[in-house]
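Q: I have a structure I would like to understand better, so I am pasting it below and will then ask my questions one at a time.
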């Protein structure tokens, strides 16, 4: 039985500070070994794209795809601080879930910070 296509999702925890990328999101962009998380300050968005090994800003997520967990957790205090500044109203003791939009060429997922939902 095939799984239906799911909507890309991630969770940002300001308390930990961490970003939880759900495996379904990574599957939608081709199960990359490395991903790059980019911030667009003009559009207040976070974009996840596949990356290459030697990019210094890339995160190795491939090693986690083999585990049975349902997500990959990345820790980055500077990135979390930037997201909090961009959002304008995120509270530092909360976590926020965002559902993204898969690009038509399926090479990246874009998350709008304004659409984040508090989950605490």
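Q: Modelling each spin label as a point 7 Å along the Cα-to-Cβ direction, I'd like the residue 102/residue 24 distance in nm, to one decimal.
A: 1.1
Q: Express the relative contact order of segment 24-120 as a whole percentage, based on alpha carbon pairs under 8 Å and six or more residues apart in sequence.
A: Working: 142 pairs, mean separation 28.8, N = 97.
Relative contact order of segment 24-120: 30 percent.
Q: Could you please rank 81, 97, placing first whichever residue has the fewest other Cβ atoms within 10 Å of its Cβ?
A: Numbers: 81 13, 97 16.
Ordered by Cβ neighbours within 10 Å, fewest first: 81, 97.
Q: Between residue 54 and residue 70, what is the spin-label point distance in nm, taking each point 7 Å from the Cα along the Cα→C-beta axis?
A: 3.9
Q: Still on this structure, please answer the following. In Å³ and rounded to a whole number, note down the convex hull volume per residue for the Cα atoms of segment 21-118. It would help to have the intermediate numbers written out before the result.
A: Details: hull volume 10.5 nm³, N = 98.
Taking only Cα atoms, segment 21-118 has a hull volume of 108 Å³ per residue.
Q: Hey, another quick one. Using the 10 angstrom Cβ neighbour count as an exposure proxy, how do 34, 75, 96 rank, fewest first? Numbers along the way, then the final one.
A: Values: 34 17, 75 12, 96 21.
Ordered from fewest to most neighbouring Cβ atoms within 10 Å, 34, 75, 96 come out as 75, 34, 96.
Q: Taking Cα atoms, how many degrees apart are the long axis of helix 77-87 and the longest axis of the chain, rounded to 10 and kept between 0 and 90?
A: The angle comes out near 70 degrees.
Q: Please sort 99-112, 17-30, 54-67 by packing, taking for each peptide the average over its residues of neighbouring beta carbons within 10 angstrom, highest first. All intermediate terms of the calculation are to be shown ahead of the outcome.
A: Working: 99-112: 15.4, 17-30: 18.4, 54-67: 12.8.
So the peptides 99-112, 17-30, 54-67, ranked by packing, come out 17-30, 99-112, 54-67.
Q: Additional query: What does the helix-only formula give at 222 nm for the chain: each DSSP H stretch with n ≥ 4 adding -39500 (n - 2.57), the total divided by the residues, and the result rounded to the nearest 500 deg cm²/dmol? Before the final figure, lay out the partial values.
A: Numbers: 3 runs with 21 residues, N = 120.
About -4500 deg cm²/dmol.
Read-outs throughout are calculated quantities, based only on the coordinates presented, and are distinct from any laboratory measurement. A quick note: this is a predicted structure, and the numbers were derived from the prediction, not measured. For neighbour counting, all protein chains shown are included, and Cβ atoms are generated from backbone atoms with ideal geometry for every residue, glycine included.
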